Amino acid sequence: MFIKPVPPPYDMEHWRQQPFARRMQMVCRSWAVQGYGAPLGVYLFYVLKIAFYVWAWVMFCAMSPQIEGWSDIGQWWGTPTALQKAVLWSMAFEVLGLGCGSGPLTGRYMPPFGGALYFLRPGTTKMPFWPGIPVFGGQRRTWLDVLLYAVHLGWLGYVLMAPEVTPGLLAPVVILLPLLGLTDKTLFLASRAEHYYTAVLVFCFAGSAFAGAKLVWVAVWMWAATSKLNQHFPSVVGVMISNSPVTAFVPWVRKWMFVDYPNNLRPSKLAHTMAHMGTAVELTFPLVLLFSAGGEVTMVALCVMLGFHVFITSNAPMGVPLEWNVIMVYGAFVLFGHHAQVDAIAGALQAPAMLVVVVVLVGLVPLVGNFVPSRVSFLCSMRYYAGNWPYSVWLFKGDSSAKLDKGLVKVAPRVQDQLRILYDEDTITAAISKVMAFRAMHLHGRALQLILPKAVDDIDAYEYLDGELVAGVVLGWNFGDGHLHNLQMLRAVQAQCGFEPGELRCIFVESQPMLKPQMAWTIADAADGVLEQGVVQVADLRKLDPWPALDGPLAVRKS
């Protein structure tokens, strides 16, 4: 029970013999009441990881002479040094691979981390910002790439151990991280640069740093809320609550998330209501914090946002952005509670250069990303957990995914081989099938019902893997961003592995642009390139069950 996943409520051999549509129906119904089925040991792993994250931050803060550590934390927790080291440690924690995208809830088992294990190894696959440019544009990591990453980590460690964080110490971080992003987009995104890098930039303006940081925190909340003003988010709520370790003790709550379990797994009125309430909270209370100046109003707003983030963290969402939720709460109490007297608007106006940085990085970039999602990562667009993500599905004919082990330099084997160290074949198949259900249960995943028959003639002849699982193995990091496992990664994989025509087919689905009713999709073959492109109307997806029609093209088993 401690390390063994919850088994699905059906015989796995019987499940394998069913046509694809029926298999999807069975696994979606299983997700609705079991979620991913992670064992208790998985949640303990994440609790211990958060504890280490907080403990290490305190140790770094204690290296400042005016700070003793735990014994006087009540005196120093709201100081500029404490907040700056929290941001820098969070950046380091993430780019090491220890934060988002780590552990079993992101498809990573043995080892439970990627990150530095890949980024410090020459020959591993990378995603350059401009493929083909001299020096930095190759598909494989060079010794120069490794050296730059090592220098970045070393400097972050040096600043964290410094007695005081000054703009001069931050300057190398400001220079190195964009350079790393030029060599490999994965590193920039893994650093959660849209938040932490922007915060580091405003820290360089010492006199107005807290004013700028307030604007960054509010922008993160506001864009996250704005991105939830869509038709996708109610499905997200249902999927998350079904996977929550809290609702494992009240399983009937999970069924309430759906219109009519097990027959209709579209989001219920309760799921819609929770989605609207969460969006309203995230839109309203950050503005209260921005324009209040302390006192009871500020404290109420802080407590509401604390409850908001505690709710998210307690549900252990897939991708596990748990430490990010911790620093969002901590930063909120420092900026809007301990330093409530700082006027964010007035302070920003007194530092025009800083205001330009904030407007561009947390204003214009997310704006473009929401209206033209194909051009900007969903992280830089701040579309966090809104359900409107780009994604991909990789279809390997027969056992051709074994070519990944032969052609690529990497640390982790294929996910099924990682699981094989721990579990039997039925448990392995059940775990991977739950990732299929996770995708299908979201509104955007229903597009696959329309696209899969176009991609392959016989779905049962292929091994179906979500692009997240492939990216985790190939790149060493994944966190819900389909732009990491897109055509660029397919071309890099093909150049190293040499799949035959028809051996590897990929489906790439882009996010829904704001104020537009459709999502774009692409079908590509590893050897033959792009085969077909089109769009799907989101309104049509709302009419579909999470699984394909049981009398449709995916309901007949051919193999």
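Points to keep in mind about this one:
- Hits in region 488-532 - residues which are in contact (Cβ under 8 Å) with a residue 40 or more places away in the chain, under 13 Å from A455 (Cα atoms) and surrounded by 18 or more Cβ atoms within 10 Å (Cβ to Cβ): E503, L504, R505, C506, I507, F508, V509, W521, I523
- Count of residues meeting criterion [part of a loop (DSSP other than H, G, I, E, B), over 19 Å from Y46 (Cα atoms) and of a type outside the set (A, V, I, L, M, F, W, C)] in region 86-132: 7
- Residue match in region 134-142 (condition: assigned by TED's automatic domain parsing to the domain that holds H338, modelled with pLDDT under 95 and among the basic types (K, R)): no
- From the list G331, G307, G407, the one residue that fits, being surrounded by fewer than 21 Cβ atoms within 10 Å (Cβ to Cβ) and at pLDDT 95 or above, is G307.
- Per-region count, region 250-269, residues farther than 18 Å from C28 by Cβ and in contact with a strand residue (DSSP E or B) (Cβ under 9 Å, 6 or more places away or on another chain): 1
- Single condition Y36 does not satisfy, out of (1) in a helix (DSSP H, G or I); (2) surrounded by 18 or more Cβ atoms within 10 Å (Cβ to Cβ); (3) hydroxyl-bearing (S, T, Y); (4) at pLDDT below 95: (1)
- Condition met for V135 (aliphatic (A, V, I, L, M) and without any contact (Cβ under 8 Å) to a residue 24 or more places away in the chain): yes
- Among the residues of region 364-386, those identified as touching a Ser or Thr at 6+ places or on another chain (Cβ under 6 Å) and among the small types (G, A, S) are G369, A386.
- Among the residues of region 243-270, just one is small (G, A, S) and closer than 22 Å to V538 by Cβ, namely S268.
- Close pairs (9 angstrom Cβ cut-off, 6 or more residues apart or separate chains): within 28 Å of P9 (Cβ to Cβ) in region 36-51, surrounded by fewer than 16 Cβ atoms within 10 Å (Cβ to Cβ) and modelled with pLDDT of 90 or more anywhere: G37/P7; A38/P245; L40/P245; V42/P245; Y43/P245
- Of all residues in region 67-85, those being part of a helix (DSSP H, G or I) and among the small types (G, A, S) number 3.
- Considering residues of region 50-66 that are part of a helix (DSSP H, G or I) and of a type outside the set (A, V, I, L, M) only, the residue farthest from S208 (Cα to Cα): F52
- All positions within region 118-137 that are surrounded by 17 or more Cβ atoms within 10 Å (Cβ to Cβ) and within 20 Å of the chain's Cα centre (by Cα): Y118, F119, T125, K126, M127, P128
- Selected residue [touching a helix residue (DSSP H, G or I) at 6+ places or on another chain (Cβ under 9 Å), closer than 30 Å to A82 by Cβ and surrounded by fewer than 19 Cβ atoms within 10 Å (Cβ to Cβ)] from G207, G212: G207
- Among (1) within 20 Å of V372 (Cβ to Cβ); (2) free of Cβ contacts under 8 Å to residues at least 40 places away in the same chain, the one test that D481 misses: (2)
- Subset of region 194-217 (residues that are aromatic (F, W, Y) and more than 16 Å from the chain's Cα centre (by Cα)): Y197, F203, F205, F210, W217
- Among the residues listed as G101, G41, the single one being exposed (fewer than 14 other Cβ atoms within 10 Å of the Cβ) and at pLDDT below 95: G41
- Residue match in region 364-373 (condition: over 24 Å from F291 (Cα atoms), small (G, A, S), in contact with a His (Cβ under 6 Å, 6 or more places away or on another chain) and modelled with pLDDT of 95 or more): no
- Where helices (runs of 4 or more DSSP H) fall wholly inside region 218-297, the ranges with 3 or more residues that are surrounded by fewer than 22 Cβ atoms within 10 Å (Cβ to Cβ), more than 18 Å from the chain's Cα centre (by Cα) and without any contact (Cβ under 8 Å) to a residue 24 or more places away in the chain are 269-291.
The values are calculated or read from the model by the stated rules, or taken from the named source; none is laboratory data. Predicted model, so just to flag it, every value in this text is computed and none were measured. Using ideal geometry, Cβ is built from the backbone for each residue, glycine included, and neighbour counts are taken over all protein chains shown.
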